[in-house]
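To start, the structure under review is shown below, and the notes come after it.
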Amino acid sequence: MFCHAPLAEHGDEAELLEYISERIPTAQVKRGAWNRGPITEAAFEVNGRTFRARWKNEELDLEPPVDLTAWLDLLLTRLSDSAMQDANLRRSVLRSGWALR
């Protein structure tokens, strides 16, 4: 899957989390008090695997614990594989302007 994620330079992780959370229908997002403000944690369940990103001490903590680029690649690869079998997910992905692999 290919997406036009807004990751121009380091420090844009919060914007990236907002971007992918809005476009992945299975995203579970936690925000600050009263569910407002920026995302504090996001979890994506794809094909039985959980991808989690959360802010911890002003740094983005990822699960599985790899760098951000590898984490995104793993997430999008699993999402692309899952979209091949799930029509609703495929429709959401294609509506977002992403191309399946």
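What follows draws every value from the coordinates through simple rules; no lab data is involved. Just so it is clear, the model here is predicted, and its values are computed rather than measured. A quick note on method: Cβ atoms are made from the backbone with ideal geometry, for glycine too, and the neighbour counts reach across all protein chains shown.
Only residues that are part of a helix (DSSP H, G or I), in contact (Cβ under 8 Å) with a residue 60 or more places away in the chain, surrounded by 11 or more Cβ atoms within 10 Å (Cβ to Cβ) and more than 11 Å from the chain's Cα centre (by Cα) were counted in segment 55-101, giving 6.
For segment 30-54, taking the residues that are more than 19 Å from Pro65 (Cα to Cα) and either basic (Lys, Arg) or within 10 Å of the chain's Cα centre (by Cα) (or both), the one that is surrounded by the fewest Cβ atoms within 10 Å (Cβ to Cβ) is identified as Arg36.
Applying the selection to segment 12-33, what residues are farther than 21 Å from Arg90 by Cα and either in a strand (DSSP E or B) or touching a helix residue (DSSP H, G or I) at 6+ places or on another chain (Cβ under 7 Å) (or both)? Glu13, Lys30, Arg31, listed by residue number.
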